[in-house]
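Engineer: Below is the structure I would like to discuss, written out as structure tokens.
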Amino acid sequence: MEPFDPAELPELLKLYYRRLFPYAQYYRWLNYGGVVKNYFQHREFSFTLKDDIYIRYQSFNNQSDLEKEMQKMNPYKIDIGAVYSHRPNQHNTVKLGAFQAQEKELVFDIDMTDYDDVRRCCSSADICSKCWTLMTMAIRIIDRALKEDFGFKHRLWVYSGRRGVHCWVCDESVRKLSSAVRSGIVEYLSLVKGGQDVKKKVHLSENVHPFVRKSISIIKKYFEGYALVGQDILENKESWDKILALVPETPMHNDLQQNFQKHHSSLQRWEYLKKAASQCPSNIKNEKCGPWLEWEIMLQYCFPRLDINVSKGINHLLKSPFSVHPKTGRISVPIDLQKVDQFDPFAVPTISSICHELDAIFTSEVEKEENQAESDIKHRTRDYKKTSLAPYVKVFEQFLENLDKSRKGELLKKSDLQKDF
């Protein structure tokens, strides 16, 4: 992937919004089949422009309106908000208190910085292939629960463009959920609790919930390669002391401290910890040994960390798919759930790479189009197909196909019910 130069961003964005942004699919998503009148028109968008100028409460009549405005403003970042009771761009004209957020997709935001206390390879905004496994586990754990425990069908997972992932749950019934219900769902999906000062962040009860058991079985597939080899979480005394802080102050604690020094790798020390926990006498009051201890450590080091406020607020904005990350230049692309393990954030196209791909093919056409007042929309929406953005748009189109099928199925069901007399 070629290096990205932020100084080129304004010019690259012009080309991206004019030739490469998948407007037709994007509008098709947020219009949801046009079933509800004014659904798209009442949707809030916000744009972050050059020099961090932030504009909220944007709204548009249709796809053409949205296109023109994006090409005029060249936003560095696009955020999507709620569907409101009135058009967001007219919110100042509405009686006080009448302008209300009514619907929005249930969204999740998982950010690598929230794992800084447990990853050893990187910190802050940095990521590498070693710690990216945390995002792979997060997608697998949360997506399984959304699908199997809650029965949600339409889940769009998107790479943020830098250090995390977002999920948009788009089922019609989900978009109507209250903040209280959203809070309940995200609470169900949260296990790691406590701020920087809290050492032990996972506490399992003796009867482990099926959601937790299924999450542990997903983590087990990755734990050795990710935590014991890649992160080497028991490499030396400094690192194993962090794990021993999660072990109750019992004879076992002292035993582990002594015996860890006799072993030579994280793998050996982990095996010893599991063996010691399984032999721990069960009469130690209020302390869980056996597999509970092992599970609590695995969960603390690998379980997804959700930003609860992003999920519970209906009026909360979230970065749009196909936005460009202004620091990395990477496009915020949909992730294929069939290939989560193969997803590589470093292989995601940057705005520089796709614009240069387009340039190489269409140099003469680009020059021609510069002289035209408005380009042919149909022609332009196909331009992304000539670049490495194409497979990611295809993932998005498959998601839209499933939404359409589901909507048609619901309409058929309703019409059959009406005939049933």
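Engineer: What shape does the chain take by its C-alpha gyration tensor, where a ≥ b ≥ c are the square roots of the eigenvalues and a/c under 1.5 counts as rounded, a/b above b/c as prolate, and the rest as oblate?
Structural biologist: prolate
Engineer: Measuring from label point to label point, each 7 Å out along Cα→Cβ, what is the Ser190 to Gln279 span in nm?
Structural biologist: The modelled label-to-label distance comes out at 4.0 nm.
Engineer: With bins 5 Å wide starting at 0, give me the P(r) of the range 105-249 over every alpha carbon pair, in whole percents.
Structural biologist: 2, 8, 16, 20, 22, 16, 10, 5, 2, 1, 0
Engineer: Moving on to the next point. Go ahead and collect, in residue order, the members of the range 108-127 whose backbone nitrogen is under 20 Å from a label point 7 Å along the Cα-Cβ direction of Asp52.
Structural biologist: 113, 124-126
Engineer: Return the long-range amide H neighbours of Ser320 (sequence gap of 5 or more, or a different chain), with a cut-off of under 5 Å between placed amide H atoms.
Structural biologist: Ile78, Asp79, Ile80
Engineer: Hey, can you grab everything whose amide H is under 5 Å from the amide H of Ile335? Only 5+ residues off in sequence or another chain; H modelled, so Pro and N-termini drop out.
Structural biologist: Distant-sequence amide H within range of Ile335: Trp157, Val158, Tyr159.
Engineer: To the nearest 10 Å², what's Cys128's accessible area with a 1.4 Å probe?
Structural biologist: 30 Å²
Engineer: Give a residue-ordered list of calculated ³J(HN,Hα) values for the range 144-150 (Karplus: 6.51 cos²θ - 1.76 cosθ + 1.60, θ = phi - 60°; whole Hz; x for Gly, Pro).
Structural biologist: 4, 5, 4, 6, 8, 7, 10
Engineer: Round to a whole angstrom and tell me the spacing of the C-alpha centers of the range 381-405 and the range 208-250.
Structural biologist: After rounding, the separation between the Cα centres reads 38 Å.
Engineer: Another question about this same structure. For the chain, with every protein chain kept in place, what is the accessible area per residue (1.4 Å probe, Å²)?
Structural biologist: Computed with neighbouring chains in place, this is 48 Å² per residue.
Engineer: How much solvent-accessible surface does Lys237 expose, in Å² to the nearest 10, with a 1.4 Å probe and all protein chains in place?
Structural biologist: Solvent-accessible area, nearest 10 Å²: 100 Å².
Engineer: Taking only C-alpha pairs under 8 Å that are 6+ residues apart, what is the relative contact order of the range 147-198 in percent?
Structural biologist: It rounds to 23 percent for the range 147-198.
Engineer: Here's a follow-up. Please give the length that would be gained between Asp359 and Lys95 if that part of the chain were fully extended, namely 0.36 nm times their separation in residues minus their C-alpha to C-alpha distance (nm, one decimal).
Structural biologist: Here the segment from Asp359 to Lys95 would lengthen by 90.1 nm.
Engineer: Using a simple spin-label model with points 7 Å from Cα along the Cα→Cβ vector, what separation in nm is obtained for Asp5 and Lys394?
Structural biologist: Roughly 3.2 nm, to one decimal.
Engineer: Can you tell me the relative contact order of the chain? Whole percent, Cα pairs under 8 Å, sequence separation 6 or more.
Structural biologist: The value is 24 percent.
Engineer: Let me ask you something else. Hey, what do the phi angles of the range 26-32 turn into as Karplus ³J(HN,Hα) couplings, whole Hz, using 6.51/-1.76/1.60 and θ = phi - 60°, x for Gly and Pro?
Structural biologist: Along the range 26-32, the couplings run 4, 5, 4, 5, 6, 8, 6 Hz.
Engineer: In deg cm²/dmol and to the nearest 500, what is the mean residue ellipticity at 222 nm of the chain if only DSSP H runs of at least 4 residues count, each as -39500 (n - 2.57), divided by the residue total?
Structural biologist: -13000 deg cm²/dmol
Engineer: How much FRET efficiency would the formula 1/(1 + (r/R0)^6) give for Ser265 and Ala245, where r is the Cβ-Cβ distance and R0 is 22 Å, rounded to 0.05?
Structural biologist: That gives a FRET efficiency of 0.60.
Engineer: Per residue of the range 333-346, in order, report the coupling 6.51 cos²θ - 1.76 cosθ + 1.60 (Karplus, θ = phi - 60°) as ³J(HN,Hα) in whole Hz, putting x for Gly and Pro.
Structural biologist: Taking θ as phi minus 60°, the curve returns 9, x, 10, 6, 5, 6, 10, 4, 5, 8, 5, 10, x, 7 Hz for the range 333-346.
Engineer: Got a number for carbon plus sulfur as a percent of the chain's accessible area, 1.4 Å probe?
Structural biologist: The C+S portion of the solvent-accessible surface of the chain is 49 percent.
The values are calculated or read from the model by the stated rules, or taken from the named source; none is laboratory data. Keep in mind it's a predicted model, so treat the numbers as computed, not measured. Ideal geometry is used to build each Cβ from the backbone, glycine not excepted, and the neighbour counts take in all protein chains shown. Protein only, heavy atoms only, side chains kept; ligands, DNA and RNA dropped before computing areas. Shrake-Rupley method; radii C 1.70, N 1.55, O 1.52, S 1.80 Å.
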